[in-house]
Amino acid sequence: GIPIRTTLDNSTTVQYAGLLHHLTMKARSTVRDIDPQNDLTFLRIRSKKHEIMVAPDKEYLLIVIQNPCE
Amino acid sequence: PRPPLAAMFADGTGPGADVESLWRSARSARCEAKSCQTGKISTAETAVQSHTSRDASVQTDQSKDAVQDFQQEIQVDYASLLSFLQRVEDAVIKELNKNWKSRAFDGFEVNWTDQNETVLCLHTLSYPEAQDQNLQVTSVSWNATGSVVACSYGRLDGGDWSTEKSYVCTWNLDRRGLNPQRPDLVVDVPSSVMCLAFHPSQPSLIAGGLFSGELVVWDTSRTEDPVIWRTGMTDDTHTDPVYQVNWLPDAKHRNHARLLSVSTDGKILVWRKERDGRLALAEGFAMVAQQIPRSTRLKKFAWGEAAVGVTSLSFSHFDPRVFVVGVEGGYPLKCSTAAETLALHRTGSSVPLRAPAELAFSPHGGPVYSVSCSPFHRQVLNLFLSCGTDGQVHLHSMLQTQALVSLQLSKKYLFCVRWSPVRPLVFAAASGEGNCNQCFCSIGDVHLFDFEKSSQKPAVSMKQAAAECPVYCLEFNIKQTRLLAAGDATGTVKVWQLSSDFTEQGPREMNHLEQLASEITD
């Protein structure tokens, strides 16, 4: 994916955009393989340090990285 | 009338004497004319010509998906972008809020790797010849790739005069035929090596500081003579043993590093490499007692004009100009390479020495043997540890003079303390000899401390050797984060494999560390 707007630095943004684009496509195809009438609406990845949320669309992706305080 | 005597003598000329030259005739008498000729060389004429040819040209094609650079002008349809954002905004905000309040994942941890519950001793390395000479391991170091461990043999209790030979031995732990009694490389050194440091990016260079005050750099990939640079004994060299040597990244040239050496003569010197294999002094600092700033809260000792012996040094990971030194007087000091004031009473060196000390922290009850700056804490509240002969480890913040936490780890001298490179709350300390009649802790332990588990006693204590011998040095392996090397007085180096709870960072460790630092400063 090509980053349009970001609040992080360039290199991190490009990295996230590229990796998450592929992952989102893979997640979407997984959902549709299981049920062709279904489609991906939202993707959340939780890791030790933070949570990554991806809102997909036909043309755009919105990626939000949150540090959940517990 | 006398008879004419002259008549007896008459003029005359005698015939010349000839000596026939013999050699020409002799030579020609023995000469013969000969001729020789090579045998006939057979040659043949042939011609070669390619009978078919074809023209071809090669050109790279414009790649279909060109590399998109972020700075390029991208055609963005802002209207559709806006409608997209408006569509997803609610959903994303709802998820963000849910997350922030969620307790669903509390205490949920996933184990991706095999959990290793115990701490084991993987290797016990030693060099029998050095052990026969009763040499002790004075320093260990891991190389840039994390597969080679080097140790230096010498004597830490050698006193003022020591002319013992010593050795630097390296073992490659990833090699198949690793023989723990036979190092891969042994370098004979004419004087006792007190400290070692591998180059941070070139895996074969190792620097050592000697008892005589010199610094030597060896290249372990050279078979004939591994010495490539040395300081030699000049006016600039330390007059006391060098207790710590570090590689400093050189700001101007990426690949070249400078060497920094620390010695009990009070000088901290930075050396650069010259072409002829010499190390020349680039800049230097000297610690003089009068120039050490003392806060009014600390007790005043009678300092006088003595040089303050420096035993250890650690650079801050966040500000490369700030470093912490430990001195024989028991004070950890915060110093800066940007200091301008000249040191007093330091003459006789080619480069003017400066006084770097900016702040003195609360002292230990004895000399400080080791300091270590945390690689994790953020810039403002930089944490470091110091340990000394009083058996205590102090956790300090660079902002205040009083220690944040003081731990009495043992009644023994603590020779070395190091932060773990992966877990912000873990550090290791090496304990040694000392006068202890009543306590039950054994001599010669490596203590692993985890602030998350307990802030009073060590999480794990590893006994280095069956007999009681002090452990003088330890180093974490930065590349293979499970390994910890420790060297002791019997001349063995033990490589410990740490259990997974010491090597995997927990989810909230950074927060804990910051909490720990801030709750004590308040």
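The values are calculated or read from the model by the stated rules, or taken from the named source; none is laboratory data. These numbers come from a predicted model, not from an experiment. Note that we place each Cβ from the backbone using ideal geometry, even for glycine, and neighbour counts take in every protein chain shown.
Here are a few things to note about the model shown:
- Here B:SER192 fulfils each of the conditions (1) modelled with pLDDT of 85 or more; (2) among the polar types (S, T, N, Q); (3) more than 27 Å from B:LEU125 (Cβ to Cβ) apart from (3).
- Residues of the range A:51-68 satisfying the condition of being touching a helix residue (DSSP H, G or I) at 6+ places or on another chain (Cβ under 8 Å) and more than 7 Å from every other protein chain (Cβ to nearest Cβ): A:ILE52, A:VAL54, A:PRO56, A:LEU61, A:ILE63, A:ILE65
- Selection count where residues are β-branched (Val, Ile, Thr) and in contact with a His (Cβ under 9 Å, 6 or more places away or on another chain), scope the range B:394-416: 1
- Among (1) within 7 Å of another protein chain (Cβ to nearest Cβ); (2) surrounded by 10 or more Cβ atoms within 10 Å (Cβ to Cβ), the one test that B:LYS98 misses: (1)
- Test: residue in the range B:118-134 that is within 20 Å of B:GLY209 (Cβ to Cβ), surrounded by 17 or more Cβ atoms within 10 Å (Cβ to Cβ) and at pLDDT 85 or above: yes
- B:LEU414 passes every criterion in (1) touching a residue at least 60 places away in the same chain (Cβ under 8 Å); (2) of a type in the set (A, V, I, L, M); (3) touching a Cys at 6+ places or on another chain (Cβ under 6 Å) apart from (1).
- Positions within the range B:101-117 being surrounded by fewer than 13 Cβ atoms within 10 Å (Cβ to Cβ) and within 14 Å of another protein chain (Cβ to nearest Cβ), in sequence order: B:LYS101, B:ARG103, B:ALA104, B:ASP106, B:GLY107, B:PHE108, B:GLU109, B:VAL110, B:ASN111, B:TRP112, B:THR113
- Checking the range B:299-311 against the condition returns a match, with at least one residue being aromatic (Phe, Trp, Tyr), at pLDDT below 85 and exposed (fewer than 14 other Cβ atoms within 10 Å of the Cβ).
- Only residues that are surrounded by fewer than 21 Cβ atoms within 10 Å (Cβ to Cβ) and of a type in the set (D, E, K, R) were counted in the range B:363-417, giving 2.
- Those residues of the range A:15-70 which are in a strand (DSSP E or B) and not aliphatic (A, V, I, L, M), in sequence order: A:ARG44, A:ARG46, A:GLU51, A:PRO56, A:GLN66
- Every test in (1) at the interface with chain B (Cβ under 9 Å from one of its Cβ atoms); (2) touching a helix residue (DSSP H, G or I) at 6+ places or on another chain (Cβ under 7 Å); (3) more than 29 Å from B:ASP106 (Cα to Cα); (4) free of Cβ contacts under 8 Å to residues at least 24 places away in the same chain is passed by A:ASN38 save one, and that test is (1).
- Checking each residue in the range B:333-388 for being among the aliphatic types (A, V, I, L, M) and either in a strand (DSSP E or B) or at pLDDT 80 or above (or both) picks out B:LEU333, B:ALA338, B:LEU342, B:LEU353, B:ALA355, B:ALA357, B:LEU359, B:ALA360, B:VAL368, B:VAL371, B:LEU383, B:LEU385.
- Under the condition of being part of a loop (DSSP other than H, G, I, E, B) and either of a type in the set (Lys, Arg) or surrounded by fewer than 16 Cβ atoms within 10 Å (Cβ to Cβ) (or both), the residues counted in the range A:3-14 number 6.
- So A:ASP33, is it among the acidic types (Asp, Glu), at pLDDT 90 or above and either under 15 Å from A:GLU59 (Cα atoms) or over 13 Å from the mean Cα position of the chain (by Cα) (or both): yes
- Filter result for B:VAL227 (over 14 Å from the mean Cα position of the chain (by Cα) and either closer than 15 Å to B:GLY309 by Cα or at pLDDT 85 or above (or both)): yes
- Failed condition for B:SER261, given (1) within 25 Å of B:PRO363 (Cβ to Cβ); (2) modelled with pLDDT under 85: (2)
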